[in-house]
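Colleague: Here it is, the structure in full.
The values are calculated or read from the model by the stated rules, or taken from the named source; none is laboratory data. None of these values were measured; they are calculated from a predicted model. Here Cβ is always computed from backbone atoms with ideal geometry, including for glycine, and neighbour counts include all displayed protein chains. The accessibility values were calculated without ligands, DNA or RNA, using every heavy atom of the protein model including side chains. Shrake-Rupley method; radii C 1.70, N 1.55, O 1.52, S 1.80 Å.
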Amino acid sequence: QVQLRESGGGLVQAGGSLRLSCAASGSIFSINGMGWYRQASGKQRELVARISRGGSTSYADSVKGRFTISRDNAKNTVYLQMNSLKPEDTDVYYCRVEVTGRWYWGQGTQVTVSS
């Protein structure tokens, strides 16, 4: 079994920054893809950014140039650096990781951006 522990969410003013972290633990041999998603109440969960084991990244158009995803394979951790935050970035953010063909979700962390 794999456990994901997210941290770093909170309340920030527009234009500010936050850094999310998601650490995986448990029965891990190798983590492949890692990513961050977000979901507002009543809406579908959407991809924010993802990163392959080799470091290839992709981003949602709405966050390109503002958010940066990275990972530390030695620590089984994925990060999301969020800069120039906007009120529309307010959501619950979830990490997702692939371990030997299975996907696991974190519990979610709230990000609130005030105008």
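Colleague: Please report, in whole Å, how far the alpha carbons of the chain spread along each principal axis, starting with the longest.
Modeller: Extents along the principal axes, in whole Å: 43, 26, 23.
Colleague: Turning to a different aspect of this structure: In Å², and per residue, what accessible area does the chain have when probed at 1.4 Å with the other protein chains present?
Modeller: For the chain, the per-residue accessible area is 53 Å².
Colleague: For segment 54-115, what is the convex hull volume of its Cα atoms per residue in Å³?
Modeller: Details: hull volume 6.5 nm³, N = 62.
About 106 Å³ per residue, rounded to a whole number.
Colleague: Could you give me the percent of Cα pairs per 10 Å distance bin for segment 28-77, shortest bin first, beginning at zero and ending with the bin that holds the maximum distance?
Modeller: Bin by bin from 0 Å, the calculated values are 24, 47, 25, 4.
Colleague: OK, next. Going by amide H atoms built from the backbone, whose H comes under 5 Å of the H on residue 2, apart from near neighbours?
Modeller: Those lying under 5 Å, H to H, from residue 2 are 27.
Colleague: Which value, in debye to the nearest 20, gives the size of the charge dipole of segment 1-67 about its Cα centre, when Lys and Arg are +1 and Asp and Glu are -1 at the Cβ? It would help to have the intermediate numbers written out before the result.
Modeller: Values: 9 positive and 3 negative charges, 10 e Å.
It comes to approximately 40 debye.
Colleague: Please turn the phi angles of segment 28-45 into ³J(HN,Hα) values with the Karplus equation 6.51 cos²θ - 1.76 cosθ + 1.60 (θ = phi - 60°), one per residue in order, whole Hz, x for glycine and proline.
Modeller: So the J values, rounded to whole Hz, are 10, 9, 7, 9, 8, x, 9, x, 10, 10, 9, 8, 8, 4, x, 10, 6, 5.
Colleague: With θ taken as phi - 60° and the coefficients 6.51, -1.76 and 1.60, list the Karplus ³J(HN,Hα) couplings across segment 68-82 in order, rounded to whole Hz; mark glycine and proline as x.
Modeller: Ordered by residue, 3J(HN,Hα) equals 9, 9, 8, 8, 10, 5, 5, 9, 6, 10, 10, 10, 9, 8, 10 Hz.
Colleague: Residue-wise, which Karplus ³J(HN,Hα) couplings in Hz belong to segment 9-23, taking 6.51 cos²θ - 1.76 cosθ + 1.60, θ = phi - 60°, and x for glycine or proline?
Modeller: Those phi angles translate into x, x, 10, 9, 7, 4, x, x, 10, 9, 10, 9, 10, 9, 9 Hz.
Colleague: Let me check against my output: what whole-number percent is the relative contact order of segment 11-60, with C-alpha pairs under 8 Å and at least 6 apart?
Modeller: 25 percent.
Colleague: Just reorder 12, 97 by solvent-accessible area, largest first, 1.4 Å probe, all chains present. List each step's numbers first, then the result.
Modeller: Details: 12 25, 97 0 Å².
Correct descending sequence by accessible area is 12, 97.
Colleague: Could you give the dipole magnitude of the chain about its Cα centre, charging the beta-carbon of Lys and Arg +1 and that of Asp and Glu -1, in debye to the nearest 20? Numbers along the way, then the final one.
Modeller: On the way: 14 positive and 8 negative charges, 37 e Å.
Rounded to the nearest 20 debye, it is 180 debye.
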